[in-house]
1. Tally the residues that are aliphatic (A, V, I, L, M) and either outside any loop (DSSP other than H, G, I, E, B) or under 30 Å from the mean Cα position of the chain (by Cα) (or both), restricting the search to the stretch A:88-102.
2. Step by step: first the residues of the stretch A:318-343, then only those that are open to solvent by 40 Å² or more (accessible area, probe 1.4 Å) and more than 14 Å from every other protein chain (Cβ to nearest Cβ), then the one that is farthest from residue A:394 (Cα to Cα). Which residue is that?
3. Based on this model, can you work out whether residue A:229 counts as within 14 Å of another protein chain (Cβ to nearest Cβ), more than 30 Å from residue A:378 (Cα to Cα) and either of a type in the set (Phe, Trp, Tyr) or surrounded by fewer than 18 Cβ atoms within 10 Å (Cβ to Cβ) (or both)?
4. Report, by residue number, each residue of the stretch A:229-243 that is at pLDDT 95 or above and out of contact with any helix residue (DSSP H, G or I) (no Cβ under 6 Å at 6 or more places or on another chain).
5. Can you tell me which residue is surrounded by the most Cβ atoms within 10 Å (Cβ to Cβ) among those in the stretch A:72-92 that are under 23 Å from residue A:177 (Cα atoms) and of a type outside the set (A, V, I, L, M)?
6. What number goes with the only condition from (1) within 23 Å of residue A:508 (Cα to Cα); (2) small (Gly, Ala, Ser); (3) open to solvent by less than 10 Å² (accessible area, probe 1.4 Å) that residue A:412 does not pass?
7. I'd like to check something: does the stretch B:242-256 contain any residue that is within 14 Å of another protein chain (Cβ to nearest Cβ) and open to solvent by 20 Å² or more (accessible area, probe 1.4 Å)?
8. If residue A:207 satisfies all but one of (1) on the phi < 0 side of the Ramachandran plot; (2) outside the structural domain of residue A:521 (by TED's automatic domain parsing), what's the number of the condition it fails?
Amino acid sequence: MKRLCLIGLAGLLPLAFSAPASAQELKIGLASEPTSMDPHFHNLGPNNAMRRHIFEGLVAQDAEQKVQPELAASWRALDDTTWEFKLRPGVKFSNGIEFSAKDVIYTICRVPTVENSPSSFTFAVRNFTSVEAPDPQTVVIKTGTPLPLVPNNLATIGILSAQANGGENVKYRAGGCEGLGTPPKSADFNDPAKAIGTGPYKLANYTRGTSIILERNESYRGRAPHWAKVTFRPMSSQGARVAGLLAGDVDFIENPPIQDFERIKNAGFQIAEGLSNRIIYIHLDQFQDPNWKTPGVKGTDKNPFLDKRVREAVSKAINRQAIVDRIMGGHAKAAGELLPYPLFGATKDFPIEKYDPEAAKKLLAEAGYPNGFEVTLGSPNDRYINDEKIAQAVAQMLTRVGIKTNVDAMTASTFFTRRNKFEFSMYLAGWGADSGEMSNSMNSLVVTLQPDKGLGPTNRGRYSNKRVDELVVKAMATVDDAARERLLQEASKLAMSDYGIIPLHFEVTPWAFKKGLSYRPRVDQYTLATEITQVGS
Amino acid sequence: MADYVRADEVAIAPEIPEPLPATVSSDRGESLLRRHIDEFLKSPGAVAGLTVLIALALIAVFAPAIAPQNPYDLSKLDIMDNVLKPGERLGSGITAFLGTDDQGRDMLSAIIYGLRISLAVGAISVVIACAIGASVGVLAAYAGGRVESVVMRIVDLQLSFPAILVALVLLAVFGRGVDKVVIALVIVQWAYYARTVRGSALVEKRREYIEAARCLALPKSRVVFRHLLPNCLPPLIVVATVQVAHAIALESTLSFLGVGVPVTEPSLGMLIAHGYNYLLSGKYWISTFPGVALVIAIVAINLVGDRLRDVLNPRLAR
């Protein structure tokens, strides 16, 4: 019987190796599934990565999040509030229709009409006073105030076909376009016949929770992508994903768990990893209101974190390199500021706080806490790589210098709800800068929380420093890149030396795949089939 | 005067001695207990179980003296010691015979302290649940009628929900903490005792000694708690013993699922959960050893519980 099987297998072998078509097919195991095929529904990593296969933008971020030409061949700021995009000629959508400036206007008009978006793309097209097409290959955008990030923001928007969606006569009007027709609903894009873009792939089949199948777009403007067919399979469980790779069910997986790296390599598979734009940080409650009772803080009546010496002590008590080496297995990078160099606004060789528990104890004593105090450290336990373990290690380190730290770790949804209600005087979380530059990180985490002005939206430590605010706000309205970068670098230096926020480390994103493939890690953590290459073939 | 009637009872009713409860009123009262003990000791498995259980209890009680490290004192842990193999040395010079976990805790110490939490949570929750459940059950049986119906329907309702589900919901509301786990376990367990006690109380309440006690116009509470309840004890003891094992397993499950005890004070279930991610990576010791400890504790308790059932159940007596 055994022999029979062997003979059978031997008979199959030549078949398996002689079918070149199968080599053109790639199967990818996704850690999280896109929530929709609509390119403008949900501003979320998995969605944006999937979008880039099917719908191109005017511009696109490269592996380092630098903005590169895509459908626009070039662009420039005519003045502080006017942007001109020159479009690439001879580009066709997957249904054969020619791409023109009309499609850009239609897309900008369609973005705000998306219903029930959990995280909208409207930010990217807000404050446009006019969008016009002097000729079919040119788009001119005017903004109400100087917006240096117009190209960065437009990199998140996939361009739709105006004609395919019945919007040939569209005219841009701030606050509601004319001639938009009936814009497509998000669910319409699940249908391969409706998901029409200019990207290298087109949608072949979408079965929610099971698979997303892409095929080459034959009318793509550039070189045809290497893989004729790409199948994405959502596999949210780490163990299942690794097992699927090792068993050959998929060729390539996202986010293999650190502790399995050795096993994956020993089984003859490969791992690529690269620095991400995600910082893991600690926010300390710095609410200025004297009546505010810092929740979870015991052993003192005051809010200890209003004292810079205490914040500095917290920072000095944390051994970042030990966390990187022991908890992250070396797959992370200790951080001194909120964005890694060479991203825009980050400073080369920014100093990383030295681990110095003795100095921390001294600072605490000087600040009037010779016996320390007690605090609760809030943390999610399923959002970032090893989040709960990092929180426990931080608790260990802080307890050793006298700040007795309890860890309250919980599932991400509960954590963020409680965090937003200011229930933690100290919490650990992460931030990935979508735009790939410092104004995003600084404005979100450090600038004084003022929801009505769109400032400091995630600054739940409520750190507030007038000078930092001024610098960041000024930078956000400075179109000149060099000047903007200088302002951001200065703001970052100032906030870090004031210990307004405690950076820990940058996550490193891993991918694992079978031998013979290669992937260049991306800062934005996207998995792009177009950039998975075959080596030696 | 038999040994089960206490002196103060005699002082309260000196002229008319109370009727002696049936099962213990035998003139061989002394030897009945003796006989149970002899019977129990006949099973080597049960004796082994009891020995292990006593040993575990002693280890748990004297944990601070026995454990090489206090795993709950964060200042004693060092992240540089994490995931050491069994037998390697910690930075502080302690040898980690069972290795260390991802936070640098000595596994042996963590298991000893974890056992302490698990046994304590099991025992305390069972005692409280047993007290509440037995009182409710015996009162319902004695009161009869509408009271009994209402109480027993509540019990039915409670028992119709899976214990783990109720406990999960409760802990999601309460938050983390050993005390909260105990409360949750009491809430999911009391109904078992109520039902058990009510069953045997229904039988006992028709016995002559209860009738006699009523005839003497003894207060109701006295009849219920001094006469009726003590005679419902044997099945209760059996259920309580087995429930200790259930409670421990339930606590471990809850901790494994991430509710329950705080992360910095892991119980056995949480230790297993921590090590679970490392199992497939060849770092077996983080999950395996606490698992073994948990199994040993539960098997020992079950062996004792099974034997107690055999000994105390008159239907099984030869």
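1. The qualifying residues number 2.
2. A:342
3. It is false that residue A:229 is within 14 Å of another protein chain (Cβ to nearest Cβ), more than 30 Å from residue A:378 (Cα to Cα) and either of a type in the set (Phe, Trp, Tyr) or surrounded by fewer than 18 Cβ atoms within 10 Å (Cβ to Cβ) (or both).
4. A:229, A:231, A:232, A:233, listed by residue number.
5. A:85
6. Here residue A:412 clears every test but (3).
7. Checked the stretch B:242-256: at least one residue is within 14 Å of another protein chain (Cβ to nearest Cβ) and open to solvent by 20 Å² or more (accessible area, probe 1.4 Å).
8. Here residue A:207 clears every test but (2).
The values are calculated or read from the model by the stated rules, or taken from the named source; none is laboratory data. Since the model is a prediction, treat every value here as computed from it, not as a measurement. Cβ: placed from backbone, ideal geometry, glycine included. Neighbour counts: every protein chain shown. Side chains are part of the model used for accessible areas, which takes the heavy atoms of the whole protein and leaves out ligands, DNA and RNA. Shrake-Rupley method; radii C 1.70, N 1.55, O 1.52, S 1.80 Å.
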